[in-house]
1. Counting only helical runs of four or more DSSP H residues, what would the 222 nm mean residue ellipticity of the chain come to if each run contributes -39,500 (n - 2.57) and the total is spread over all its residues?
2. Which ordering of 6, 143 is given by a fewest-first count of other beta-carbon atoms within 10 Å?
3. Order these by the 10 Å Cβ neighbour count, fewest first: 47, 146, 25.
4. Express the relative contact order of the range 19-146 as a whole percentage, based on alpha carbon pairs under 8 Å and six or more residues apart in sequence.
5. Specify the residue with the greatest mean-square fluctuation among 70, 55, 112, computed from a Gaussian network of the chain linking alpha-carbon atoms under 10 Å apart.
6. Give, as ranges by residue number, the residues of the range 21-52 whose backbone N falls under 12 Å from the point 7 Å along Cα→Cβ of residue 79.
7. Sorted from fewest to most neighbouring beta carbons within 10 Å, what does the list 111, 45 look like?
8. Of (1) 1.01; (2) 1.66; (3) 0.99, which is the value of Rg/Rh (Cα atoms, Kirkwood Rh) derived from the coordinates here?
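Every number in this text was worked out from the coordinates using simple rules, so none of it is lab data. Please read these numbers as outputs of a predicted model, since none were measured by experiment. Cβ: placed from backbone, ideal geometry, glycine included. Neighbour counts: every protein chain shown.
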């Protein structure tokens, strides 16, 4: 058995690559999918597909529609969602993706630092598992295969 894991969370560092590497080291049979991690591509995709937009608000709306389509398709095809919350960036997209996963009844693991316990308490309560590190999330996934 192999599981597909949607990796929700900020796109400003290489945390997804670290998760993939650790999963390989632990020999957990996982395939990973994610939102578009090329920030420029994500921001420009609306105009690339739909053409030049008259104002920035329309440019953002066009990109958002296409990014949301990608997220919905990949998340629906996933078996599990890991939503990583960090402290450095605003986490609106992560919260939206975690909430969508929970609404779709996708098994959801939230990874969040201790400093975000209070602001994420309701979301953590709805997730299947909440942990503080990626290693803990991977250990929870490895347990499925025991």
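1. Roughly -16000 deg cm²/dmol at 222 nm, from the helical runs in the chain.
2. So the residues, fewest neighbours to most, are 143, 6.
3. Values: 47 14, 146 4, 25 9.
In increasing order of surrounding Cβ atoms, one gets 146, 25, 47.
4. Numbers: 129 pairs, mean separation 26.7, N = 128.
Normalised by residue count, the contact order of the range 19-146 is 21 percent.
5. Top of the fluctuation ranking is 55.
6. 28-32
7. 45, 111
8. Of the listed options (1) 1.01; (2) 1.66; (3) 0.99, (3) comes from this structure.
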